[in-house]
Amino acid sequence: MCLASYSWILPVLAVAFVDLLAIWWLIKQLQSREPYASVIELGTRQKLRFFRFVLTDRRVPLVVKLIPSPVVAFLANPIDLIPDFLPVVGYLDDVGIVIDGLVLIVKMIPFELVSELIGRAKTESA
């Protein structure tokens, strides 16, 4: 094999590095702000409970309840912004979309309600 056939590796690694730095920075920013920090701190089951409460609580606006649909549709769609067959980089757009969906959901719900739903998610058993 000639060296030119591997010329794509360096740009892919550079993009992966920049994307990982951007996602790391975004998560660090979110961890320093409430209520995002409290949502990030939840365990996996608690996060699932929190999102169940978001979807079932009558005080949450309908538009917020619709946000997960396009996120799931994007994740299920085989056509991505960055193809998934590219190592590491292919999944970074998916991670970014999920984080953006989370931020949108939390941002569009009143702070007091988010705090209440987080508290319920922490205390209620499955």
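The values are calculated or read from the model by the stated rules, or taken from the named source; none is laboratory data. A quick note: this is a predicted structure, and the numbers were derived from the prediction, not measured. Cβ placement follows ideal geometry from the backbone for every residue including glycine, while neighbour counts extend to all protein chains displayed. All accessible areas refer to the heavy atoms of the entire protein, side chains included, with ligands and DNA or RNA removed. Shrake-Rupley method; radii C 1.70, N 1.55, O 1.52, S 1.80 Å.
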> Of the numbered conditions (1) under 20 Å from the mean Cα position of the chain (by Cα); (2) farther than 16 Å from Val95 by Cα; (3) charged (D, E, K, R); (4) surrounded by 13 or more Cβ atoms within 10 Å (Cβ to Cβ), Asp19 satisfies every one except a single condition; which is it?
Replying inline: (2)
> Looking at (1) open to solvent by 40 Å² or more (accessible area, probe 1.4 Å); (2) assigned to a loop (DSSP other than H, G, I, E, B); (3) at pLDDT 85 or above, which is the only condition Ser115 fails?
Replying inline: (2)
> Can you find a residue in the stretch 25-40 that is touching a residue at least 12 places away in the same chain (Cβ under 8 Å), of a type outside the set (S, T, N, Q) and open to solvent by 90 Å² or more (accessible area, probe 1.4 Å)?
Replying inline: yes
>> For the stretch 72-83, check the following and say yes or no: at least one residue is surrounded by fewer than 13 Cβ atoms within 10 Å (Cβ to Cβ) and touching a Gly at 6+ places or on another chain (Cβ under 6 Å).
In response: yes
>> Taking the conditions exactly as written (out of contact with any Ser or Thr (no Cβ under 6 Å at 6 or more places or on another chain), surrounded by fewer than 14 Cβ atoms within 10 Å (Cβ to Cβ) and not acidic (Asp, Glu)), does Gly96 satisfy them or not?
In response: no
> In this structure, is Arg120 surrounded by fewer than 17 Cβ atoms within 10 Å (Cβ to Cβ), under 17 Å from the mean Cα position of the chain (by Cα) and more than 30 Å from Leu10 (Cα to Cα)?
Replying inline: no
> What number of residues within the stretch 1-37 are at pLDDT below 80 and not in a helix (DSSP H, G or I)?
Replying inline: 6
